[in-house]
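One structure is given below, encoded as structure tokens.
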Amino acid sequence: MSHTLKHTPANCWQVYSSQEQRKAISDFAVRYIDFITQCKTERETVRWIRDRAREAGFSDDPQSPAFYRVLKDKSIILVRRGRRPLKEGLRVLGAHVDTPRLDLKQNPLYETCDLALAKTHYYGGLRKHQWFSRSLALHGVVVTQDGDKVNLRIGEEAEDPVFLIPDLLPHLASQQNEKKLSEAFEGEKMNVILGNDKAETSSAGGEIGEEASEEAERESIKKGVLQLLYARYGLTEEDLFSAELQLTPADPARSVGLDQSLVGGFGQDDRVCVFCGLQALLQESDPEYTQMALFWDKEEIGSEGATSARSMFFEYTLQELLETLEPGSRLSRVLANSRALSADVHGGLDPDHQDLHDPMNSSKLGYGPVFCKFTGHRGKLGANDATAEYVAWLRSLLNSKGIPWQMAEIGKVDAGGGGTVAKHLAVYGMDIIDCGPSVLGMHSPFELTSKADIYATYQAFRAFLE
Ligand code: MN
Ligand code: MN
């Protein structure tokens with residue numbers, strides 16, 4: 001294959017054409033669809049990963065050959081010790097567990113027009129217009145003054161209510177229609193509706209005196225919502241200051257297409273790589289090199305903060321492992337000898353917007369995981385740029401196992417760009433490249449991937465880790 005003069009990319013559906021392979025693709029997709037339906041926030045994802053790791057015998061003891069560490073319920077590191085010493089380097093796979101969504105503001109609740117609403121502040125690079133007039137679920141955690149954690153997950157079960165930000169009716173949208181898209185939808189006008197029932201509040205705020213009764217009347221629907229939060233979860237309005245509440249699409253992930261060859265669902269950037277990476281890691285019980293899977297939070301807001309790829313969590317965890325297992329080895333040596341994948345999705349060639357891509361250097365659904373040698377924008381600014389040597393090694397690895405892959409960049413030169421966690425691991429001098437399946441409608445409430453790509457990505461991650 002590598003000795004053919006002309007390069008022709010391999011299509012996964014044609015490569016995986018046997019009945020057993022097709023069944024493997026579809027079985028893997030069933031499990032994946034269940035996972036992204038269950039896990040819509042970073043905390044839900046980290047909890048799920050931790051539970052799977054524990055089932056597979058991982059423990060939080062660094063002496064253990066299969067070790068995990070959780071940071072603030074939002075990031076998790078998994079390590080499977082290899083036969084070679086740590087100083088010869090690790091196989092590191094980094095992916096992110098956070099997704100663009102709508103967060104509730106810390107002071108969210110208000111009432112107007114006889115409706116109770118909550119204010120939101122969007123998280124990450126989402127397109128605001130996609131979040132109107134669709135059913136939303138409320139996920140997250142509220143921590144009381146006593147330190148009790150109350151987990152909320154409302155809108156995912158058939159009997160649950162959902163929430164909604166109504167879009168403007170077309171009859172009155174003529175002014176908005178004249179605006180640029182970036183100005184037509186304002187962040188302050190993305191307030192989610194929580195209630196309309198005045199009757200709920202007939203006894204609202206029993207502690208309120210007569211002089212406050214006018215205000216009680218004015219905010220009686222909001223008080224009804226507060227009463228429900230108290231009755232069901234023991235929460236008060238002040239508790240919402242110490243809360244992380246997120247609105248996500250309420251819909252489950254599902255198969256797309258008459259041939260059911262695709263997956264539609266929320267948060268596939270980057271939970272598809274989380275799922276493939278975790279399955280690959282759990283598959284290999286006796287690897288040559290020590291394997292490390294890093295599942296980060298906060299990638300979508302620039303990898304800032306304690307639970308992000310720019311925190312010292314990875315380095316400190318590795319340092320502790322070294323002190324426990326190989327006290328003589330230098331951290332810098334281990335890091336520089338390591339090889340890494342920044343496991344993240346790639347923006348595939350959009351059939352309706354092909355003009356934004358360079359067709360020769362764009363990825364297509366169905367052609368396997370995408371290597372993106374460099375990210376960044378405008379002259380590769382802010383890019384991680386993998387070495388030619390490393391790309392050659394990866395090509396050889398996947399080709400030797402017959403795993404389809406493609407090489408692409410996200411759009412035309414100067415059309416835009418983006419970044420991933422790759423550069424935050426590259427600072428240690430380790431080889432790293434972005435690799436993950438193509439997605440259409442990235443950062444939308446219903447992203448699209450190909451089942452064959454997901455399976456091929458899982459195979460690629462296995463090949464890399466083993
Ligand atoms: Mn991503
Ligand atoms: Mn993203």
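The C-beta contact set for segment 334-352 (first residue surrounded by 24 or more Cβ atoms within 10 Å (Cβ to Cβ), second residue in a loop (DSSP other than H, G, I, E, B) and among the charged types (D, E, K, R), distance under 8 angstrom, 6+ apart or interchain) comprises GLY348/LYS364. For segment 94-110, the criterion of being more than 20 Å from VAL141 (Cβ to Cβ) and not assigned by TED's automatic domain parsing to the domain that holds ALA460 is met by at least one residue. Beta carbons closer than 9 Å, at least 6 apart along the sequence or on distinct chains, pair a first residue in segment 72-85 that is of a type in the set (Ser, Thr, Tyr) with a second that is surrounded by fewer than 17 Cβ atoms within 10 Å (Cβ to Cβ) for SER75/ALA306.
Out of ILE25, ILE33, I need the residue that is more than 26 Å from ARG395 (Cα to Cα) and part of a helix (DSSP H, G or I). Which one? Working first, answer last.
Numbers: ILE25 fails: more than 26 Å from ARG395 (Cα to Cα).
Step by step, each of ILE25, ILE33 is checked, and only ILE33 is more than 26 Å from ARG395 (Cα to Cα) and part of a helix (DSSP H, G or I).
Based on this model, can you work out whether ASP385 counts as without any contact (Cβ under 8 Å) to a residue 40 or more places away in the chain, touching a helix residue (DSSP H, G or I) at 6+ places or on another chain (Cβ under 9 Å) and open to solvent by 20 Å² or more (accessible area, probe 1.4 Å)? Spelling it out, ASP385 is indeed without any contact (Cβ under 8 Å) to a residue 40 or more places away in the chain, touching a helix residue (DSSP H, G or I) at 6+ places or on another chain (Cβ under 9 Å) and open to solvent by 20 Å² or more (accessible area, probe 1.4 Å).
Which one of TYR428, TYR367, TYR390 is away from ligand 1 (no atom under 16 Å from the Cβ), outside the structural domain of SER133 (by TED's automatic domain parsing), hydroxyl-bearing (Ser, Thr, Tyr) and in contact with a Pro (Cβ under 7 Å, 6 or more places away or on another chain)?
Numbers: TYR428 fails: in contact with a Pro (Cβ under 7 Å, 6 or more places away or on another chain); TYR390 fails: in contact with a Pro (Cβ under 7 Å, 6 or more places away or on another chain).
That would be TYR367, the only listed residue that is away from ligand 1 (no atom under 16 Å from the Cβ), outside the structural domain of SER133 (by TED's automatic domain parsing), hydroxyl-bearing (Ser, Thr, Tyr) and in contact with a Pro (Cβ under 7 Å, 6 or more places away or on another chain).
Inspection of segment 274-287 identifies no residue that is open to solvent by 40 Å² or more (accessible area, probe 1.4 Å), within 22 Å of the chain's Cα centre (by Cα) and not assigned by TED's automatic domain parsing to the domain that holds ASP61. If you go through segment 403-453 and keep only what is within 12 Å of ligand 2 (Cβ to nearest atom) and in contact with a Phe, Trp or Tyr (Cβ under 8 Å, 6 or more places away or on another chain), you end up with VAL421, ASP434, GLU447.
Checking each residue in segment 105-127 for being open to solvent by less than 50 Å² (accessible area, probe 1.4 Å) and within 19 Å of GLU299 (Cα to Cα) picks out TYR123, GLY124, GLY125, LEU126. Screening segment 236-286 for residues that are of a type in the set (Phe, Trp, Tyr) and part of a helix (DSSP H, G or I) and picking the one that is nearest to ligand 2 (Cβ to nearest atom) gives PHE275. Scanning segment 48-64 for residues that are crowded, with 22+ Cβ neighbours inside 10 Å and closer than 24 Å to ALA452 by Cα gives a single hit, ILE49. In summary, strands (runs of 3 or more DSSP E) completely within segment 65-131 and bearing 2 or more residues that are within 16 Å of ligand 1 (Cβ to nearest atom) occur at 90-96.
Confirm whether ALA452 is under 20 Å from ARG310 (Cβ atoms), among the small types (Gly, Ala, Ser), assigned by TED's automatic domain parsing to the domain that holds ALA309 and buried (at least 23 other Cβ atoms within 10 Å of the Cβ). Criteria not met by ALA452.
Residues in segment 314-332 that are crowded, with 18+ Cβ neighbours inside 10 Å and farther than 14 Å from TYR428 by Cα: THR317, LEU321, LEU322.
Check segment 338-348 and report whether any residue there is within 16 Å of ligand 2 (Cβ to nearest atom), part of a loop (DSSP other than H, G, I, E, B) and of a type in the set (A, V, I, L, M). Scanning segment 338-348, I find at least one residue that is within 16 Å of ligand 2 (Cβ to nearest atom), part of a loop (DSSP other than H, G, I, E, B) and of a type in the set (A, V, I, L, M), so the answer is yes.
Does THR45 qualify as being in the same structural domain as PHE461 (by TED's automatic domain parsing) and either open to solvent by less than 40 Å² (accessible area, probe 1.4 Å) or of a type outside the set (Lys, Arg) (or both)?
On the way: in the same structural domain as PHE461 (by TED's automatic domain parsing): yes; either open to solvent by less than 40 Å² (accessible area, probe 1.4 Å) or of a type outside the set (Lys, Arg) (or both): yes.
In short, yes.
The values are calculated or read from the model by the stated rules, or taken from the named source; none is laboratory data. Here the structure is a predicted model, which means the values were calculated and not measured. Here Cβ is always computed from backbone atoms with ideal geometry, including for glycine, and neighbour counts include all displayed protein chains. Just so you know, the surface numbers come from the protein's heavy atoms only, side chains and all, with ligands and any DNA or RNA stripped out. Shrake-Rupley method; radii C 1.70, N 1.55, O 1.52, S 1.80 Å.
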